[in-house]
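Laboratory data are not the source of any read-out in this text; all were calculated from the coordinates shown. Since we're looking at a predicted model, the values are computed, not measured. All Cβ positions, glycine included, derive from the backbone under ideal geometry; neighbour counts span all protein chains shown.
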Amino acid sequence: MYAVIATGGKQYRVAEGDVVQLEKLEGEPGAAIEFDKVLMVGQGADVKIGKPYVEGGKVTGTVQSHGKTDKVTIVKFRRRKHYLRQGTHRQQYTKVKITGIAG
């Protein structure tokens, strides 16, 4: 069984047992977390699509860890204008292990 959930402004296809790297969520490692914005639930040829969400759809998981992605360099440059701006960014994430899909 698999589901499509919406969190952090993105959509993710998840199945039971998957470890997914999501945008940062609140919660200590080991804490249970629920996603109620389930867009689609499917198993084989049987697929339920929500309008916009599946009624009674719920995906549960546990928080594994928090962290930051690799550093990304940002450069803004205009030639012959004496303009150069440099910066970096590290996005925070949460790893979640999917434990159950209902819907």
Considering only residues that are free of Cβ contacts under 8 Å to residues at least 60 places away in the same chain, among the small types (Gly, Ala, Ser) and outside any strand (DSSP E or B), which ones fall in segment 2-58? 8, 9, 30, 31, 44, 45, 50, 56, 57
From the options 93, 83, residue that is hydroxyl-bearing (Ser, Thr, Tyr) and more than 20 Å from residue 11 (Cα to Cα): 83
From the option list 61, 42, 56, 87, single residue qualifying as on the phi > 0 side of the Ramachandran plot and either of a type outside the set (D, E, K, R) or in contact with a Phe, Trp or Tyr (Cβ under 8 Å, 6 or more places away or on another chain) (or both) is 56
Among (1) within 14 Å of the chain's Cα centre (by Cα); (2) more than 18 Å from residue 101 (Cβ to Cβ); (3) of a type outside the set (Ser, Thr, Tyr); (4) surrounded by 13 or more Cβ atoms within 10 Å (Cβ to Cβ), the one test that residue 27 misses: (1)
Scanning segment 67-103 residue by residue, the ones that are part of a strand (DSSP E or B) and in contact with a His (Cβ under 9 Å, 6 or more places away or on another chain) total 7
For segment 70-103, which residues satisfy the criterion of being among the β-branched types (Val, Ile, Thr) and either farther than 24 Å from residue 21 by Cα or in contact with a Lys or Arg (Cβ under 6 Å, 6 or more places away or on another chain) (or both)? 75, 88, 94
Take the residues in segment 30-39 that are surrounded by 13 or more Cβ atoms within 10 Å (Cβ to Cβ) and among the hydrophobic types (A, V, I, L, M, F, W, C); name whichever of them is farthest from residue 5 (Cα to Cα). 33
From 42, 103, 57, 61, residue being under 20 Å from residue 9 (Cα atoms), surrounded by 10 or more Cβ atoms within 10 Å (Cβ to Cβ) and more than 13 Å from the chain's Cα centre (by Cα): 57
